[in-house]
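J.: Quick one: this structure, given as structure tokens, is what I'll be asking you about.
The values are calculated or read from the model by the stated rules, or taken from the named source; none is laboratory data. Just so it is clear, the structure is predicted and the values come from calculations on it, not from any experiment. Counting neighbours? That spans all protein chains shown, and the Cβs are built from the backbone with ideal geometry, glycine included.
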Amino acid sequence: MGLNELLTSQKPPENGKWDLKNQDLTKFFWKYKGLLKEAERNNAFWMSTNDNMKSAYEKLDYQERELLKAYNLNRKFLDNIKEGLLLIDSNFMILEQYSDFLEELFKTKRVAGLSILDFIYPDKQGSQEDRKVLSKYLNLLFKNTSADQEMLSEMNPLVEKELSLVNLDYQVETIIVNVDFIRIMAGSSVDNIMVIFQDITHIVKMQKELQYEKDKHEEELESISAIIKAGPQSFQGFINDLIDVIGQLQSFLDNDPKKNSLDVLFRNIHSLKGTSRYMNLNYIANQSHKIEDLLVKYKKKTTVITEYELKEEIKKGIQNLNAAVQNITKMQEIFINFSRSSAELKDLNQESLANHFLISLQDMVADISNTMNKEIKLQIDNTIHDFPYLEEVKSPIIHLLRNAVDHGIEDKFERLSHNKKAQGHIKLGLHQKENNYIIEIYDDGRGIDFEKVKQKAIDKKLIVKKPEDVSKLELLNIMLLPDFSTKEVVSDISGRGYGLDIVKDTLTKLRGKIAVATEMNKGTRFTLMIPVKQTEEKYV
Amino acid sequence: MSDEILEVHGSLIQGYAQACINLNIIAGKVAIDTFSGINMNDWYPLSKWTELERIVISSYKNSGPIMQRVGIEMMRGWYNYGPGKGLIKAGVDFLHFQTGSKGYVSVVKGSKEQVGKFELKLIVKEDGKAIVESTTPFNKNMEQGVLIGGMLAPGDLDYVDARISEDNTHIEIEFH
């Protein structure tokens, strides 16, 4: 058997019949050595590979431990951070890892796997619009990578957002959150969005409380300032008026009022607003203005809200005014207690009270003219030493002055175009002439536009005869009717049409008279005449 | 020293890449990223080759046996799937081929200094001994594998071994 035959056979030859030459043995030797060498090389290769695998496993093990460490750290962070963190994918689905605080904030265990729209707005029907806006915003974040960051922040629909959620006891709770959206990029596209919820419910509540405290404090300061400005006696009068108005408002709510009594209510609340504004009791003035608005809506029936809702709003206004009464009464008591020890305040007489009032009118005119960007000088001339009807005429004077500033005096451009000085001029005179006290309020403004008055009177169907037959005197009388104003826009200062009605009403009570002189572009003069001696059946 | 840049032929790089992939030394995305864009007929700077060598060497604590195996695998592919079979008939032919003008020097381009030597210095067929002088910039273990793989490929030799001299300039070959 030759070597090749031998090597390819299944077993060695029987009986030891080897037929191998020396050359065969040499080849067999090298073949064997060659196999050994190959095995040696393979062994070295696999040893190196094995070493490599070992170090690769070690590396993997190390990386796994590092990963676990990072995961635990991340988990610890997510478990303890007092912010709600979650990740969403491009289908707006919430991924597995999120901070525990989210469960606490949203009072739910269901977070991962939900759409963020369902998570934030579980009430699909009730929050359709909110869901639409958020969905649109998320689409923008995912798809428009070139959108400006500042613009995106401005468009964020979840800034100081109030969210309603049902807690684990099935009760509805409200939270206020700020939500940030951070894009996580993969190359040039957005892979995920990190959503960060910050619970600001407490902060907003605190801010509201602080604002309430601030408003209260300002209200108190306003009350002190008003007491000082008006004097304790007049201030008490103001409180009484305020209580009266509240009573009238309450009656209005209790009974369906007839037009006349509604007019009286308008007049009184308008008067209250004017006096409050004069006293710088802005809170009360603002509340009065709001109630006036509501009454106008009620009267004209020009509102989409129901009568019930209107009355509810008025009820809130009454509550606010009641709270204001309590507040200012308390402040008045404190002030009176304080002033008892002040000799100066004890000695206040009618004349000093009058002077006090007249001086404070300067501030009022300055305030209003500043608001209206007008330049106005108020000149006051008082020769009455002991005016007994000071309290009664305060409101008419305030209204006439406010009307003069608002309606009478033009803005400086209009004045200059009529060759007038930029600065308007108002004169207030208080004199006694024989048996009458005379109060004159003159302004060098645009005068009464009778055509406008006539047109308004026609619009309001207050003229029954032919318009060309209506005299100026008749038009002046129409102007004194409640609810008549030529102003299209009602402002905080005037426009309701109740100012002149208040004047007329007061003069009627005092058995006085009103005279009006006016000329276009020259000015207007209101003269109020009040008899010195009132008869027995004087107003009550 | 010449300013000329030493270049390596794309076929050598392809051979190397294929050997690494066959041996699962590098795989998957790394293999695609490493070898994509290599054209068989282009020339590449030596730095490209060095970078590819480094990828393998840096992955192993003992890279010698690996590089040797890469060399053997390269020649197995060259002989069985490339032009090898048509160029050599016996193991000893490979020694002459590789050290001749169509061998090593045909796959590198540059100055003489940069290319280095890959020359058959001695061959005694009766004793099965040969010495190749190698001053090339290539990994010596890989060259060792190239010589072993190339000589074993035709199948007429039962034993081939190659040892690198201590000064790293010569490879002593024993073949039977």
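J.: Just give me the residues in the range A:141-174 being surrounded by 14 or more Cβ atoms within 10 Å (Cβ to Cβ) and hydrophobic (A, V, I, L, M, F, W, C), in sequence order.
T.: A:Leu141, A:Phe142, A:Leu152, A:Met155, A:Leu158, A:Leu163, A:Leu165, A:Val166
J.: List pairs: first in the range B:59-78 and facing chain A (nearest Cβ under 7 Å), second surrounded by fewer than 24 Cβ atoms within 10 Å (Cβ to Cβ) and aromatic (Phe, Trp, Tyr), Cβ under 7 Å, 6+ apart or cross-chain?
T.: Here the result reads B:Pro65/A:Phe45; B:Ile66/A:Phe45; B:Ile66/B:Tyr60; B:Arg69/A:Phe45, each pair linking the range B:59-78 to a residue that is surrounded by fewer than 24 Cβ atoms within 10 Å (Cβ to Cβ) and aromatic (Phe, Trp, Tyr).
J.: What do you reckon, is B:Ser63 surrounded by 15 or more Cβ atoms within 10 Å (Cβ to Cβ) and of a type in the set (Gly, Ala, Ser)?
T.: yes
J.: On to the next question. How do the strands (runs of 3 or more DSSP E) wholly within the range A:376-479 filter down when requiring 2 or more residues that are modelled with pLDDT of 85 or more and within 38 Å of the chain's Cα centre (by Cα): which remain?
T.: Here the list reads A:376-382, A:424-433.
J.: Now, a different point. Just one of A:Asn4, A:Asn52, A:Asn43 is farther than 24 Å from B:Leu152 by Cβ, in a helix (DSSP H, G or I) and within 14 Å of another protein chain (Cβ to nearest Cβ); which is it?
T.: A:Asn52
J.: Search the range B:29-58 for residues being within 14 Å of another protein chain (Cβ to nearest Cβ) and either among the β-branched types (Val, Ile, Thr) or more than 21 Å from A:Asn42 (Cα to Cα) (or both), and hand back the single one that is surrounded by the most Cβ atoms within 10 Å (Cβ to Cβ).
T.: Ranking the candidates gives B:Val56 first.
J.: Within the range B:156-176, can you find the residues that are under 18 Å from A:Leu36 (Cβ atoms) and more than 11 Å from every other protein chain (Cβ to nearest Cβ)?
T.: Within the range B:156-176, B:Arg163, B:Ile173 qualify.
J.: Related question: Within the range A:14-58, track down each residue that is surrounded by 12 or more Cβ atoms within 10 Å (Cβ to Cβ) and aromatic (Phe, Trp, Tyr).
T.: A:Trp18, A:Phe28, A:Phe29, A:Trp30, A:Tyr32, A:Phe45, A:Trp46
J.: Just a yes or no: is a residue in the range A:435-446 over 26 Å from A:Val365 (Cβ atoms), out of contact with any helix residue (DSSP H, G or I) (no Cβ under 7 Å at 6 or more places or on another chain) and touching a residue at least 40 places away in the same chain (Cβ under 8 Å)?
T.: Within the range A:435-446, one or more residues are over 26 Å from A:Val365 (Cβ atoms), out of contact with any helix residue (DSSP H, G or I) (no Cβ under 7 Å at 6 or more places or on another chain) and touching a residue at least 40 places away in the same chain (Cβ under 8 Å).
J.: Could I ask something else about it? Applying the selection to the range B:133-176, what residues are β-branched (Val, Ile, Thr), part of a loop (DSSP other than H, G, I, E, B) and within 15 Å of B:Gly77 (Cβ to Cβ)?
T.: Residues satisfying the conditions do not exist here.
J.: Applying the selection to the range B:75-120, what residues are of a type in the set (Ser, Thr, Tyr) and touching a Leu at 6+ places or on another chain (Cβ under 7 Å)?
T.: Hit for the range B:75-120 is B:Thr99, nothing else.
J.: Right, another one. Of all residues in the range A:55-68, which are polar (S, T, N, Q) and within 10 Å of chain B (Cβ to nearest Cβ)?
T.: A:Ser55
J.: Filter the range A:15-63 down to the residues that are at pLDDT below 85 and aromatic (Phe, Trp, Tyr) and list them by number.
T.: Answer for the range A:15-63, where residues must be at pLDDT below 85 and aromatic (Phe, Trp, Tyr): just A:Trp18.
Per-residue answers, yes or no, for (1) away from every other protein chain (no Cβ under 14 Å); (2) in contact with a helix residue (DSSP H, G or I) (Cβ under 7 Å, 6 or more places away or on another chain); (3) surrounded by 15 or more Cβ atoms within 10 Å (Cβ to Cβ):
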position	(1), (2), (3)
B:Phe97	yes, yes, yes
B:Lys109	yes, no, yes
B:Phe138	yes, no, yes
B:Gln144	no, yes, yes
B:Gly149	no, yes, yes
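J.: Among the residues of the range B:111-128, is there at least one that is touching a helix residue (DSSP H, G or I) at 6+ places or on another chain (Cβ under 6 Å), more than 25 Å from B:Ile5 (Cα to Cα), away from chain A (no Cβ under 14 Å) and part of a helix (DSSP H, G or I)?
T.: No, the range B:111-128 contains no residue that is touching a helix residue (DSSP H, G or I) at 6+ places or on another chain (Cβ under 6 Å), more than 25 Å from B:Ile5 (Cα to Cα), away from chain A (no Cβ under 14 Å) and part of a helix (DSSP H, G or I).
J.: Further, regarding this structure: Do any strands (runs of 3 or more DSSP E) lying entirely in the range A:142-214 carry at least 3 residues that are touching a residue at least 60 places away in the same chain (Cβ under 8 Å), and which ones are they?
T.: Answer list for the range A:142-214: A:172-186, A:189-199.
J.: Across the range B:24-51, which residue is nearest to B:Leu6 (Cα to Cα) among those that are part of a helix (DSSP H, G or I) and among the β-branched types (Val, Ile, Thr)?
T.: B:Thr50
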